[in-house]
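Asker: Have a look at this one before I ask anything.
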Amino acid sequence: MINGRQWLCTSAASLCVISCIVSLFTIAFIAVNRYLYVCWHNVYHTVFSRCHTVIAVVLTWLIGVTLDSPNHLGWSSHWFDNKTQKCLWNRTTAYHYTILFVVVGMLLPFVITIICYWRIFAHIHLSKQRLLRTQRQARCIYLLLTGYFYRERLRKRAICYVLWPSVRLSLCHRLASAKTAKCRIIMQTTPPDSQGVLVF
């Protein structure tokens, strides 16, 4: 396949390597974007402005091209892998380049993505705990106020029940005194020939 078409295998391998690296760093930048939006919303629009977003996209492609350039500069090379039937970089030509490719091109965006999403999860969990704590405090305050007003209402009712007999006796006493006074007035104003019948 590669006889006379080495340029085709090299082009396909470069496209594959660059695309994979760009995809991984794009996922990492998306994770950073979400982390800043959730955890640092005040600085989000400053960091991810239109200009900075374009720079980030261009930077991902520059990283991909930079990591693939040693294959064209003699440090490593592209070849046709008979095992996978694909054109890739030759992992056995230069182990130093393979280590650099794996650490910078794969592990670095993977670690960035994991850290960002872990921080997002921790921030959401902490916010949830604060919200639940606030709800519990609001519920306790509501129960205390409800109990206080209910107790005041019962206390007022108890005072009314205790004082009502005394008030009733006082009213009855005053009414009886008023009737006695009325009877005396009628007795004093009754003619001598009256039968002495009093009407209340």
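Asker: Estimate the FRET efficiency between N42 and L15 by the formula 1/(1 + (r/R0)^6), using the beta-carbon distance for r and 41 Å for R0, to the nearest 0.05.
Answerer: Working from the Cβ atoms, E equals 0.55.
Asker: Among K86, K128, which comes first, second and so on when ranked by fewest other beta-carbon atoms within 10 Å?
Answerer: K128, K86
Asker: Of the options I99, I27, Y44, report the single residue whose Cα projects farthest towards the positive end of the charge dipole of the range 6-143 (beta-carbon charges: Lys, Arg +1; Asp, Glu -1).
Answerer: Selected residue: Y44.
Asker: Rounded to the nearest 20 Debye, what is the dipole magnitude of the range 6-143 about its Cα centre when Lys and Arg each give +1 and Asp and Glu each give -1 at the C-beta?
Answerer: Charge dipole of the range 6-143: 900 debye, to the nearest 20.
No value in this document is a laboratory result; all are computed from the given coordinates. Treat the numbers as computed from the prediction; the structure is a model and nothing was measured. Glycine also receives a Cβ, built like all others from the backbone with ideal geometry; neighbour counts cover every protein chain displayed.
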